[in-house]
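Structure first, commentary second.
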Amino acid sequence: MEVAAFADIESEFLQRVHTMVWCNVATIDSQGRPRSRVLHPIWVGSTGWIATRRTSHKAKHIAARPYVSLAYVSDIARPVYADCYAEWDDSPETKQWLWDQFLNAPPPLGYDPAPIFGSIDDPGFGVLKLTPWRIELVQFPEPPRIWRNPAVQVLDS
């Protein structure tokens, strides 16, 4: 079932993703093959943010094909899927803002990024911004609720 506005699913979406915390993120490699890994985004409204390494395989994949697919599945009857446009935002202000978001969020969403990244000045520390073009909330046995972001134009199949 299509929903007209993100506001129609926002509360449940944020509750689910901030409870599940970890998700599978798929990119496409240089040979056109899917590649998955587990990551820890934080969502502010309909925008996702990931603190990650700029030298990772995913950085290379996103440089060539800037789309990712996220799957949150801690309850197989209530998964969340988010298909997103991914872009780097490495401004010092954004890095500090995201650092503080993770540092100040309550567990399990929040964590101290310092043991992983050292500081926001670490040249390997990057911020990946996720703008969804499609979000799907599943609640078996009911039909899924799907929001399509009108601000992101992609071919949907």
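The values are calculated or read from the model by the stated rules, or taken from the named source; none is laboratory data. Owing to the predicted nature of the structure, the values given are computational and were not obtained by experimental measurement. Don't worry about glycine lacking a Cβ; one is built from the backbone with ideal geometry, like all the others, and counts go over all protein chains shown. Remember, those area values only see protein heavy atoms, side chains included, never the ligands or the DNA or RNA. Shrake-Rupley method; radii C 1.70, N 1.55, O 1.52, S 1.80 Å.
Can you report the number of residues in region 139-157 which are among the β-branched types (Val, Ile, Thr), over 17 Å from the mean Cα position of the chain (by Cα) and at pLDDT 90 or above?
The qualifying residues number 0.
Quick check, is Arg37 surrounded by fewer than 15 Cβ atoms within 10 Å (Cβ to Cβ) and modelled with pLDDT of 95 or more?
yes
When region 94-131 is filtered for residues that are part of a loop (DSSP other than H, G, I, E, B) and either open to solvent by 50 Å² or more (accessible area, probe 1.4 Å) or over 25 Å from Gln15 (Cβ atoms) (or both), the ones remaining, listed by number, are Pro106, Pro107, Pro108, Tyr111, Asp112, Gly118, Ser119, Ile120, Asp121, Asp122, Pro123, Gly124.
State all residues of region 29-68 that are touching a residue at least 24 places away in the same chain (Cβ under 8 Å) and farther than 20 Å from Asp89 by Cα; if no residue qualifies, say none. Matches in region 29-68: Asp29, Ser30, Arg35.
Quick check on my filter: what residues within region 79-93 are among the charged types (D, E, K, R) and within 23 Å of Leu14 (Cα to Cα)?
Within region 79-93, Asp83, Glu87, Asp89 qualify.
Put simply, of Ser56, Ser46, Ser30, Ser11 the only residue that is of a type in the set (S, T, N, Q) and under 26 Å from Pro115 (Cβ atoms) is Ser56. Taking (1) in contact with a Phe, Trp or Tyr (Cβ under 9 Å, 6 or more places away or on another chain); (2) surrounded by 13 or more Cβ atoms within 10 Å (Cβ to Cβ); (3) of a type in the set (A, V, I, L, M, F, W, C) in turn, Ala77 satisfies each apart from (2).
Taken as a whole, the condition of being under 16 Å from the mean Cα position of the chain (by Cα) and more than 27 Å from Glu142 (Cβ to Cβ) applies to Val44. Of the listed requirements (1) closer than 23 Å to Phe125 by Cβ; (2) touching a residue at least 60 places away in the same chain (Cβ under 8 Å), Ile9 misses just one: (1).
Among the residues of region 1-34, those that are of a type in the set (Val, Ile, Thr), open to solvent by 20 Å² or more (accessible area, probe 1.4 Å) and in a strand (DSSP E or B) comprise Val3, Ile28. Inside region 80-93, residues that are surrounded by 16 or more Cβ atoms within 10 Å (Cβ to Cβ) and either acidic (Asp, Glu) or more than 14 Å from the chain's Cα centre (by Cα) (or both) make up a count of 1. Taking region 48-74, which residues are touching a Cys at 6+ places or on another chain (Cβ under 9 Å) and either closer than 18 Å to Gln101 by Cβ or crowded, with 20+ Cβ neighbours inside 10 Å (or both)? Passing the criteria: Gly48, Val68, Leu70, Tyr72.
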